[in-house]
Structures are given as structure tokens and as C-alpha cells.
Amino acid sequence: MNEVLERRSEFLKLEAKGFSLCEIVKVLSEKYHTSERNIYYDAETRNTWQPVLTQLFDLDKARLMVTNRYDYLYRTASLHFQTASDAQKPAYLSKMVDITDRLVSLLGLETLKEKQDKARRAVEIEKELAETEALLEATKLARA
């Protein structure tokens, strides 16, 4: 049973790295000396075993690992950006912006613009509530 958990865990890791299902099936069937059908079955039934398997992981540790990976990718893109030609710089800059956006999402951080938008919406909602209450009060007075 331990081998099945290990195989399924590796299935998720390979998928997270961007491997296609066909590639995952080939790699895992060879590594674990099992039929390709077993790996396809794992893929088909993942909605039952993945939640159980992911509960075994420490999510804070996983978050740190992903953060470290993004940090490494950002530093690599930054280094290439500094030495790239003018034609290549937009591609590396785009990668750096994408990585930053993903880190912001992963860490649950809000951008300044998002905070300003929320504050503006809150003010608008309060204004609309005050207007509605005033209309209700005026309606009550008109009926009396």
C-alpha cells in the first residue's frame, strides 16, 4: 500500500511540474513496474484519493517550498534580464511580473490597487445605504 501512496504522490508532483498525462503514465509505470492502466486508473479516480493524500502534507511547508521555487525562478529571470539583449528583455520582464503576481496570490497579499478598490466600494455601499435609509424615512413620514 505504501508504494501506491508513493506512486500517487509522485503523480501529483509530476503533474505540478507540467508533465502531460501520457508522460506521467510512461514514467510511473516504468519506475513502479506497474501497468499503464494502473496509472490511468489513478488519474481517473484522483477525486477520491487526492484529498486524502494531500491531507498528509503540511500545507505551510508546501507553501514555503512553492515560495522558494518562485523566488529562485524570479532571481533566474532577473539575472537573464540584466544580461539579455533589448529584444529579449520584455520576455524576462514578463516572466518576472507573472512570478510576482503568482507570489501575491499564493501569499494572499493584496495589491495597493485592490485595497483602494475595496475602500472605494465600501464608501459607495455606505452612501447607497444612507440614501436608501433616507428614502425609507421620507416614505414613512409621507404616509403618516
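Quick check on residue 69: is it basic (Lys, Arg), part of a helix (DSSP H, G or I) and in contact (Cβ under 8 Å) with a residue 12 or more places away in the chain? So residue 69 fails the test.
Mind checking whether some residue in segment 32-47 is more than 30 Å from residue 101 (Cβ to Cβ), free of Cβ contacts under 8 Å to residues at least 60 places away in the same chain and among the aliphatic types (A, V, I, L, M)? Yes; the residues of segment 32-47 include at least one that is more than 30 Å from residue 101 (Cβ to Cβ), free of Cβ contacts under 8 Å to residues at least 60 places away in the same chain and among the aliphatic types (A, V, I, L, M). Checked against the criteria, residue 130 counts as loosely packed, with under 12 Cβ neighbours inside 10 Å, of a type in the set (Gly, Ala, Ser), at pLDDT below 90 and more than 18 Å from residue 9 (Cα to Cα). Among the candidates 64, 93, 103, the residue that is at pLDDT below 90 and either loosely packed, with under 11 Cβ neighbours inside 10 Å or more than 13 Å from the chain's Cα centre (by Cα) (or both) is uniquely 64.
For segment 5-21, taking the residues that are of a type in the set (A, V, I, L, M) and either assigned by TED's automatic domain parsing to the domain that holds residue 69 or in contact (Cβ under 8 Å) with a residue 40 or more places away in the chain (or both), the one that is farthest from residue 63 (Cα to Cα) is identified as 5.
The values are calculated or read from the model by the stated rules, or taken from the named source; none is laboratory data. Keep in mind that this is a model prediction, so the values were computed, not measured. Cβ atoms come from the backbone with ideal geometry, glycine included; neighbour counts cover every protein chain shown.
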